[in-house]
Amino acid sequence: METSSVLKIEPISEQNQAQVRQFVLDGLAEHFGFLDTTLNPDLHNIIDHYTNQGHVFLVGTVGNEAVCCGALIPYDDHTGRIVRMSVKKTYRRHGYASRIIEALEKFAMHKSYSSIILKTLAHWEDAVGFYQSKGYEQNRLEGDSVVMTKALLTTKSC
C-alpha cells in the first residue's frame with residue numbers, strides 16, 4: 001500500500017469502475033461471509049446506474065488505484081441519501097472514508113439538501129461509530145439496519 005501518495009477524489013470513470021465494483025463486493029463478502037452478486041445489480045454498471053441518472057458517485061484514488069467510494073442519491077426534495085460507502089480493506093484507517101463523506105456532503109449542500117440520510121447495519125459498530133463521529137444521529141431501526149440522519153448547514157443568499 002502506498003500511503004505517501006495523495007488521495008484524489010473525483011467522479012467514477014470507465015477506467016476505475018471495475019476496481020470499484022471489486023472492492024465493494026470484497027467488502028460485502030467480508031462483512032456477510034458470502035457474496036451473492038445478484039443482490040447488487042447497481043454494481044454491474046455503476047456509471048449507468050448512478051452518473052447517467054444524475055446522481056453523484058465519487059471515487060478516491062491513490063496513484064492509479066481506486067481505494068474508496070461513496071454515492072449521493074436523492075431521498076426526497078430536501079434530503080440526500082448516501083449509499084455505497086466503502087473503503088478497500090488495505091486502505092482503511094487512513095481517513096479516506098472521512099474525505100469521501102465530506103465531499104458527498106458538499107455535493108448535498110450544492111444540491112440544496114437540508115439533510116442527509118444513510119443506512120447501515122446496526123451491528124456494524126465501527127460503521128455506526130464512524131457516522132456518529134461525523135455528526136450523524138441514529139434515527140430509527142429498520143429490521144437489522146439503523147437509519148442515521150444529519151442536518152446540513154445551509155446558507156441563504158441575501
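The values are calculated or read from the model by the stated rules, or taken from the named source; none is laboratory data. Everything numeric in this text was worked out from a predicted model, so none of it was measured. Every residue, glycine among them, receives a Cβ derived from its backbone with ideal geometry; neighbour counts consider all protein chains shown. What goes into the accessible areas is simple: the full protein's heavy atoms, side chains included, and nothing from ligands, DNA or RNA. Shrake-Rupley method; radii C 1.70, N 1.55, O 1.52, S 1.80 Å.
Taking a probe of 1.4 Å, how large is the accessible area per residue of segment 63-104, in Å²?
Numbers: 2030 Å² over 42 residues.
I get 48 Å² per residue for segment 63-104.
Based on the Cα coordinates of the chain, what is the per residue volume of their convex hull in Å³? Intermediate results must be reported in sequence, preceding the final value.
Values: hull volume 20.5 nm³, N = 158.
In the chain, the Cα hull volume divided by residue count equals 130 Å³.
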With all protein chains in place and a 1.4 Å probe, Asp26 shows an accessible area in Å² (nearest 10) of 80 Å²
Short to long, in 10 Å steps from zero, the percent of alpha-carbon pairs of segment 74-133 per bin is 20, 50, 26, 3
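Given charges of +1 on the Cβ of Lys and Arg and -1 on the Cβ of Asp and Glu, with all other atoms neutral, how large is the dipole of the chain about its Cα centre, in debye to the nearest 20? Let's see the in-between values first.
Working: 16 positive and 18 negative charges, 95 e Å.
That gives the chain a dipole magnitude of about 460 debye.
Assuming 0.36 nm per residue, please report the length gained on full extension of the stretch Asn52 to Ser98 beyond their Cα-Cα distance.
On the way: separation 46, 0.36 × 46 = 16.56 nm, distance 2.54 nm.
Roughly 14.0 nm would be gained on extension.
In whole percent, and with a 1.4 Å probe on the protein chains, what portion of the accessible area of the chain is carbon and sulfur? Working shown, then result.
On the way: 4500 of 9140 Å².
About 49 percent, which is the carbon plus sulfur part of the accessible surface.
List the longest stretch of the chain that has no exposed loop site; here a site is one of the chymotrypsin sites (Phe, Trp or Tyr not before Pro) assigned by DSSP to anything other than H, G, I, E or B, with at most 16 other Cβ within 10 Å. Show your work: numbers first, answer last.
Numbers: sites that count: Phe34, Trp124.
Counting only loop sites that pass the neighbour cut-off, the longest clear stretch is 35-123.
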For Lys89, the aspartates and glutamates lying under 18 Å Cα to Cα, once residues fewer than eight places off in the same chain are dropped, come out as Glu2, Asp26, Glu30, Glu65, Glu125, Asp126
Taking a straight Cα-to-Cα line shorter than 18 Å from Lys134, and setting aside same-chain lysines fewer than 8 residues away, one finds Lys106, Lys119, Lys150
